[in-house]
Structure formats: structure tokens, C-alpha cells
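The values are calculated or read from the model by the stated rules, or taken from the named source; none is laboratory data. Remember, it's a predicted structure, so these values are computed and weren't measured experimentally. FYI the Cβ positions are ideal-geometry reconstructions off the backbone, even for glycines, and counts take in every protein chain you see.
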Amino acid sequence: MLPEHAPFTLDQRRALDSLLAGLDSVQGAWLSGFLASSGSAVSTAPAAPPAPGAKLTVLYGTESGNSETLAGRTIKEAKKRGFQAVMKNMSEIAAADLVKVPNLLVIVSTWGDGEPPDSATAFHKEFMAEPISLTGLRFSLCALGDTSYEKFCQTGKDIDARLEQLGGIRVTVRQDCDVDYEDAFTAWLGTSLAALAPTNTPAAIVVEISSAPPALEFGKKRPFPSEVLEVVPLNGKGSTKETLHLELSLAGSGMSYEPGDALAVLPVNAPDMVQAMLDASKLSGDEEIETKNTGRKRLADALHEELDITALSRNVLTKLAEATSSGDLQAMLAEDAKERLKEYVTGREIVDAIHDFAPSGLSANSLAGIFRKLPPRLYSIASSPLAHPDEVHLTVSAVRYQAHGRDRKGVCSTYLADLVKAGDITPLFVQPNKNFRLPADGTAPVIMVGPGTGIAPFRAFVEHRAALGSTGKNWLFLGDQHYLYDFLYQLEWQEHLRNGVLTRLDVAFSRDQPEKIYVQHRMLERAAQLYAWLEQGAHFYVCGDAARMAADVHEALVSIVQTQGGKSRDTAETYVEDLKKAKRYQRDVY
């Protein structure tokens, strides 16, 4: 299989020939994908592409952009292998369209409590109910999720099961990916493309040595070490909140962003959180463990820099049960104890579970084995690159609370609040979000709803439209607790009003009167004007809390369309859904 001119000795060629000859197509594709993603100068490609005409649809559903990025990579690799591949967003396709698809790869994320991404909601609802026949459709699915949530990868699981129920043929098992998904995705892609290739084109590996190593770029695989330029408290004295405005340098990074994108910050765990974990585990921290990314390392350093030591989930408890053989924990993980498990996990962290189920402590390796990699945290960018060249700004609320008798705090928000100051370096990268974009037409009206730190992207939107000289009207609904303490960026909004960039500003300070007033109440008070703006072609944006605010704002929007448009409830819901399909209703919720 290897030519004589390959850069290997005779013994090496014989060994490699023997190995490669024994691989089946799936194993060969997996090894091909692994070598391609290993970061070395070695690249791989299939020796023989599929026969011309092998059609492939790559369907994705995304919230933060990860699924779309992976779908793009899938298309690129599929075309290299000879497939006629097309890429479809779930927002652009109807369930019935799948009847015509012979080969399908699905990449979809799960959002919130097992919900589909916002752009995929309509497709998911239709697909789960549509009585279509997909007999003969060959498919495989890659699900993105977060094991810290109870319904991990639930949307992917739902669609995978439904595809089979409707007659589809699963060619490889579903791949469920945690936040650190790179290796799992690469392996799934290789096996899936090999399985979908026609049977008369066996996969083989051709090893080529590239002439030069790929250029190193800053991004997810290589975060940029950014200098913190400024950290400014935004709340007034007397506020119960702790909101910060951070300015970070992108000079020399080569990275760019657009309003609507997010910034991924790679935090470290606070020293007191690390010490609490060591104390609970009866360890000193000087023990050495083997880590995936950096090899041998002091346990305390790994807990500080690399491992997620807070997020409690079924996955973590399952690993802890294996390490401790705790009968109580195994009973709580039983299928008939889901409600008990849910109740236990709510408000608790990993350190609580170690206290409860490993009272005698753990070995260093057992402790390290229950954690996943510390994931980056995403924050909506609060600046326009036109207004602040070589900079990126964030609006961050420090999360601190008490639960189950213990003080708690957000890992990244308090990392930025407590451990980072001007002049420090923090690693970061830009996470594009193509589902949250200003209209291309600068004359289009824009309505923005952003309570609390949900105001962040709208600061970027207004700055950007001002810098571009866009003439479209801009209307902002802003909410928080107190006018005197919590009016974030008050002077900036007032300046935008004076110079005409901001057309309207409606504020809702919930604690300044006996009854609580929120942004959705202000929307309903301005129902006639808001509906008129929509009829004029306005784009409607929401950013902030997904659990309650986003649902309340959505309900208010439907109600406004129903009452002001003289429509039935069903017709009003269709109107709002059409806004989504036209990308005139976009949400960035978390």
C-alpha cells in the first residue's frame, strides 16, 4: 500500500502495510480523521472517492454557532471524498423535504432544559409530529450538548430516534459530544462518511507529507493571550448587583468579530474552590496526576487550571459511584430515582457530592477521573469593532449566592471580578454567532429587548449602526432592578438619544415601585407603536435570561401581534414564526 519512495525504512513500510491491510473501512476512516486532527504536518485523504452522484445532505441546528461550524467542516471533508454535499440549516428546510434525501448527516445542539436551538424549534416540532416515510434514507447524527445539564444532548437523541422510527437506516451510532467535542466529532465524521460511501469504493489511507506546517492562528484551538485594558464597575453604590464592564485587547491576534458574536473566556478555578475540593478529598494537592493536555502535573495545579471542579451532573456522579462503590449513590442513579437525582443535583456542586458519598476521601487519580475539562464561558460582545479597533468589550455580572448552607459563585464571572485586573493576561477566542446579526439593510428599523447584562450586544448594535451611518430607527427596551444603581451605560444611552442614533428608549426598573415592572410590560404599554414598527419591516432582537424573560417577551410579542393586528392566536403565532424564518426575530438567550 505504501510506495517505495515513502519516507519510511523497509521495516517501517512492511509494518505499516501489515497494519493498514488489516483495517476495515470504518477503522481506516477513523484513523484518517484522527491523523488529520492531530495537529501534525501529516494530512490524509481517501484513495478512491465515492462514485459520482453520491448525494449527501448535512443538516444542522445551532444556537451559538458550533453546529454550523462543524457542518461546514463536514461539507468540506465530504466534497474531498467525492460526495455531492449540500448544507442546510434546520430553519431552511421542512420535515417533508427529507423524503427526497438519500444520505443524511445531522449535527444539532441542545439548548436549555433539553430544548432544540431557537432556529431549529419549528423544524423539530414539525419533524417529531410529521407522519412521513423515510424508508431507504441512510443517516448518522452527531449531538452537541453539555453533561452538566440533566437532558444532555436531548434534541439529538430525539431526532436520531425519530429518523429510525420513520424508516431511516442508521449507518453509525449517534455520537453524543460534551463541550470538549473535537476528538469525538472527528472520529464520528470519519466513520460516518466511510459508512455512507458506496460499497464499491473501499476506503484506504494515503499518507502525504505536507511541504510546510500549517500556519498557527488564534482561535478555539489556540486561544489568544489578551491583555485586560480596563475593568469598570457599572452599578452604583447601594446596588445588590456586581456588574463589570471589561475592555480587552485584540491587538496582534488576527481575530475579528461582528456585533452579535460572543467572546469565549478561558477561566481558572478560584484558589478557595480548589482548597475546598482538596479538603473534601483529604488530599494535599502535591500529588501528581496524568492530565490529557499537559501530562504529569501537580493535582492542585490541575484543579486550578484544567478541570471543571464545580458542575454536578449525572455523568460526574456516575464516575464518583464507580470510584467509591457507594450504595446510596448507586441507588440515587437508578432509573426509578430520577426525581431524587434531579432534586439532589439542583443547587449543589461536586464538592457536596464528595462530602456526602466519599467521606473518607479519594485518591488523587480517582478524584481527577471524575472531572471533565474546564470549558470556556461565552459572553455576548458589548462593543463594535468600528467604534473600538483592536478591542473587545464585555458586560459581566458576578454570580454569587448561597445554596444548601454553602456560599457559591460563578467560575468565570468571579474569575473576571476577583482574579483579573488591568494589565493581566487572559486567554480568549471569538465565537461567531450568525444567528444574531444586524440587518444588512441599514435603513431597516431595529427593536432591541435587553434586561440586565442582556444589554451587552445592543451596545454593540447601536455603536455599529452609528459608525456605519445607518439611517434605520433604533428602539431599545432596557431593564434592571433600580434606576439609581442599575442603569447600565446610562450616559451612553442618553448621548445616543441626543444625537439621534437611538430613536426610542423604554426602561423597566422592577424594584422601584411596589409592583414589579419588566421589559415585557413596557412592550405591552407600547403595543400599537411596536406593531407599527414590525409592519414597517423592523427586526426584533432579544438577549438575556432564557428560563423566564425570553418566554415572557415572546408571549408579549405574540399578544401584541394578536391584539394590534386583529388576528387570532394561531395567526399571530404564525406571524411571529414567519418573523423568525425571515431572520427578523432573533434571540441570544442563555
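A count restricted to the range 216-230 and to residues that are within 25 Å of ARG400 (Cβ to Cβ) and either of a type in the set (S, T, N, Q) or buried (at least 18 other Cβ atoms within 10 Å of the Cβ) (or both) stands at 1.
Output the strands (runs of 3 or more DSSP E) that fall wholly within the range 247-343 and possess 2 or more residues being touching a Lys or Arg at 6+ places or on another chain (Cβ under 9 Å), or say none. Spell out the reasoning first.
Working: elements: 262-265, 288-291, 295-298.
In the range 247-343, 262-265, 288-291 are the strands (runs of 3 or more DSSP E) which contain 2 or more residues that are touching a Lys or Arg at 6+ places or on another chain (Cβ under 9 Å).
Among the conditions (1) part of a helix (DSSP H, G or I); (2) buried (at least 19 other Cβ atoms within 10 Å of the Cβ); (3) hydroxyl-bearing (Ser, Thr, Tyr), the only one that TYR541 does not satisfy is (1). Might you let me know whether the range 275-292 holds any residue that is in contact with a Ser or Thr (Cβ under 8 Å, 6 or more places away or on another chain), over 26 Å from PRO359 (Cβ atoms), outside the structural domain of GLN490 (by TED's automatic domain parsing) and of a type outside the set (Val, Ile, Thr)? Looking through the range 275-292, none of the residues is in contact with a Ser or Thr (Cβ under 8 Å, 6 or more places away or on another chain), over 26 Å from PRO359 (Cβ atoms), outside the structural domain of GLN490 (by TED's automatic domain parsing) and of a type outside the set (Val, Ile, Thr). Tell me yes or no: at least one residue of the range 441-448 is within 28 Å of the chain's Cα centre (by Cα), modelled with pLDDT of 95 or more and surrounded by fewer than 19 Cβ atoms within 10 Å (Cβ to Cβ). For the range 441-448, residues within 28 Å of the chain's Cα centre (by Cα), modelled with pLDDT of 95 or more and surrounded by fewer than 19 Cβ atoms within 10 Å (Cβ to Cβ): present. In the range 304-323, the qualifying residues are those that are acidic (Asp, Glu) and more than 20 Å from the chain's Cα centre (by Cα), and the one that is surrounded by the fewest Cβ atoms within 10 Å (Cβ to Cβ) is GLU322.
Does VAL99 count as surrounded by fewer than 16 Cβ atoms within 10 Å (Cβ to Cβ), among the hydrophobic types (A, V, I, L, M, F, W, C) and over 19 Å from ALA547 (Cβ atoms)?
Numbers: surrounded by fewer than 16 Cβ atoms within 10 Å (Cβ to Cβ): yes; among the hydrophobic types (A, V, I, L, M, F, W, C): yes; over 19 Å from ALA547 (Cβ atoms): yes.
Yes: the conditions hold for VAL99.
Tell me yes or no: at least one residue of the range 258-268 is over 15 Å from LEU378 (Cα atoms) and buried (at least 20 other Cβ atoms within 10 Å of the Cβ). Looking for residues that are over 15 Å from LEU378 (Cα atoms) and buried (at least 20 other Cβ atoms within 10 Å of the Cβ), one finds none in the range 258-268, hence no. Only a single item in (1) over 19 Å from LEU438 (Cβ atoms); (2) polar (S, T, N, Q); (3) surrounded by 18 or more Cβ atoms within 10 Å (Cβ to Cβ); (4) out of contact with any helix residue (DSSP H, G or I) (no Cβ under 6 Å at 6 or more places or on another chain) is not met by SER470, and it is number (1). For the range 375-384, the criterion of a residue being among the hydrophobic types (A, V, I, L, M, F, W, C), more than 21 Å from TYR401 (Cα to Cα) and either in a helix (DSSP H, G or I) or within 23 Å of the chain's Cα centre (by Cα) (or both) is satisfied by at least one position. When ARG408 is tested against (1) surrounded by fewer than 21 Cβ atoms within 10 Å (Cβ to Cβ); (2) assigned to a loop (DSSP other than H, G, I, E, B), just one condition goes unmet, and that condition is (2).
Could you tell me which residue of the range 76-95 is nearest to the chain's Cα centre (by Cα), considering only residues that are within 16 Å of PHE139 (Cβ to Cβ) and of a type outside the set (Phe, Trp, Tyr)?
So in the range 76-95, the residues within 16 Å of PHE139 (Cβ to Cβ) come out as 78, 83, 85-88, 90, 93, 95.
From what is left, the residues that are of a type outside the set (Phe, Trp, Tyr) are 78, 85-88, 90, 93, 95.
On the way: ALA78: 24, ALA85: 25, VAL86: 23, MET87: 20, LYS88: 19, MET90: 17, ILE93: 22, ALA95: 24 Å.
Restricting to residues being within 16 Å of PHE139 (Cβ to Cβ) and of a type outside the set (Phe, Trp, Tyr), the top hit is MET90.
Put simply, of MET523, MET549 the only residue that is in contact (Cβ under 8 Å) with a residue 40 or more places away in the chain and over 27 Å from the mean Cα position of the chain (by Cα) is MET523. For the range 566-584, taking the residues that are of a type in the set (Lys, Arg) and part of a loop (DSSP other than H, G, I, E, B), the one that is farthest from ALA528 (Cα to Cα) is identified as LYS583. Before we move on, is PHE429 hydrophobic (A, V, I, L, M, F, W, C), at pLDDT 95 or above, outside any loop (DSSP other than H, G, I, E, B) and crowded, with 24+ Cβ neighbours inside 10 Å? Spelling it out, it is not the case that PHE429 is hydrophobic (A, V, I, L, M, F, W, C), at pLDDT 95 or above, outside any loop (DSSP other than H, G, I, E, B) and crowded, with 24+ Cβ neighbours inside 10 Å.
Is one or more of the residues making up the range 344-357 of a type in the set (Gly, Ala, Ser) and assigned to a loop (DSSP other than H, G, I, E, B)? I'd like the intermediate steps shown before the answer.
Taking the range 344-357 as the starting set, the residues that turn out to be of a type in the set (Gly, Ala, Ser) are 347, 353.
Keeping just the survivors that are assigned to a loop (DSSP other than H, G, I, E, B) gives 347.
Yes, because at least one residue in the range 344-357 is of a type in the set (Gly, Ala, Ser) and assigned to a loop (DSSP other than H, G, I, E, B).
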